Amino acid sequence: MEDCLAKKMEITVSEAEKRTGRNAMNMQETYTAYLIETRAIESQNEGQCSPVDSLWRRYSEFELLRNYLLVTYPHIVVPPLPEKRADFVWHKLSADNMDPDFVERRRIGLENFLLRVASHPVLCQDKVFYSFLTQEGGWKEMVNETGFQLKADSRLKALNATFRVKNPDKRFTELKHYGDELQSVISHLLRVRARVADRLYGVYKVHGNYGRVFSEWSAIEKEMGDGLQSAGHHMDVYAASIDDILEEEEHYADQLKEYLFYAEALRAVCRKHELMQYDLEMAAQDLTSKKQQCEELATGTVRTFSLKGMTSKLFGQETPEQREAKIKVLEEQIQEGEEQLKSKNLEGRDFVKSAWADIERFKEQKNHDLKEALISYAVMQISMCKKSHGLSPGIRQQWLRGAWCWGPKEELQGSADEQRLHT
């Protein structure tokens, strides 16, 4: 971790800018560009003022970078990008991807993505990633020259492997189920949170309506005017506080969303392992078939029904020369198949070793991040309750003050016990 890029370079996505241009189809489009700023840390430690390098990137370029990382490092749980369109929205939030608040949250998410990659012990050393941060022109050409699109596995092939693999690794099967559960639990949590935010926002804004009523009421009441005006002010303060509260809550929701998208990254690693296992099983099956053919040609016996056996019965046996030639070809294919099977076995073992090491790293990171996020969320909720509770005595006091001026004093004064009860 000492050699990771995040220790050597300060990386920020400092601002977002709305732009208009033409796409590949020569059609007008509006998009958001993000300013990436980088600064060397080593020169700062030496007392020198390092210049800031900056460049603009579109969200689609971030997507291209991540797709490249997914294909190039299939054994790694690649950090996810923030959502392209708002999900789990509640009443006050806009689902428009050009909404300023959404763009700002996505800017923070893109910066977090770059910092995650720059802190990863393997991904941070990638030259394409470094070029993404430092080279504005020609970066796309550099990515395309890697040919990563040709190496990408098709969804259909991955689905086929999922259903046809005979000996799946139990650890990866459990990991896939864990990813599904993680996604399900966080999705449910975010949906509940959105519903609660809607209701909470409504409750607070009702207090704002009462505040306006009390303010208007105070204008027509002489003796109660001051009390009503003050109570209305407390109601307005209480109603206005919800905006800051829910804005802070949205920050914690975005942290949960990151791990919602991490679930898909986990499944991507599992799918790659299933593909490799399926290819290994197919190679072993093909090798077994060729060995059986070679044995049948050498002994002249056919163990199972085949089109070749039926053809021999109809048109006669092959000549010894033809048989020898076929045996020679099969032996070469068997030798090649054994080498290929050995290579796939080694590749599979290396993949499992590397993938599992990264999965353990991810689990430690996840436990730390979610623990911090949930503790901070609980502290924020406690603070919100204390703040709300602190406003309540002020509202009650102004009500009692107004009621004292309005109603019969002898009825409101009550006994000493009742006053203590009110207090």
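The values are calculated or read from the model by the stated rules, or taken from the named source; none is laboratory data. These numbers were taken from a predicted model, which means no experiment stands behind them. Virtual Cβ from ideal backbone geometry, glycine too; neighbours counted across all protein chains shown. For the accessible areas, the whole protein counts, side chains as well, though only heavy atoms, and no ligand, DNA or RNA atoms are used. Shrake-Rupley method; radii C 1.70, N 1.55, O 1.52, S 1.80 Å.
General remarks:
- Every condition in (1) among the basic types (Lys, Arg); (2) within 28 Å of Ala373 (Cβ to Cβ); (3) crowded, with 19+ Cβ neighbours inside 10 Å is met by Lys272 except one, and the failing one is (2).
- From the list Gly227, Gly232, the one residue that fits, being touching a Ser or Thr at 6+ places or on another chain (Cβ under 6 Å), open to solvent by less than 40 Å² (accessible area, probe 1.4 Å) and assigned to a helix (DSSP H, G or I), is Gly232.
- Residues that are without any contact (Cβ under 8 Å) to a residue 24 or more places away in the chain and of a type in the set (D, E, K, R), drawn from segment 338-349: Glu339, Lys342, Arg349
- Residue in segment 242-249 that is more than 18 Å from Leu200 (Cβ to Cβ) and buried (at least 19 other Cβ atoms within 10 Å of the Cβ) present: no
- Residues in segment 58-74 that are surrounded by fewer than 20 Cβ atoms within 10 Å (Cβ to Cβ) and either assigned to a loop (DSSP other than H, G, I, E, B) or on the phi > 0 side of the Ramachandran plot (or both): Tyr73 only.
- Just so you know, in segment 275-326 the residues that are small (Gly, Ala, Ser) and at pLDDT 75 or above include one that is surrounded by the most Cβ atoms within 10 Å (Cβ to Cβ), and it is Ala283.
- Pair list, Cβ < 6 Å and 6+ apart or interchain, from segment 54-68 residues that are without any contact (Cβ under 8 Å) to a residue 60 or more places away in the chain to residues that are open to solvent by 20 Å² or more (accessible area, probe 1.4 Å): Ser54/Glu37; Arg58/Tyr31; Phe62/Leu81; Arg66/Leu81
- Test: Lys363 is modelled with pLDDT of 90 or more, closer than 28 Å to Pro79 by Cβ and open to solvent by 50 Å² or more (accessible area, probe 1.4 Å): yes
- Candidate set: segment 75-86, residues that are open to solvent by 30 Å² or more (accessible area, probe 1.4 Å) and charged (D, E, K, R); chosen: the one modelled with the lowest pLDDT: Arg85
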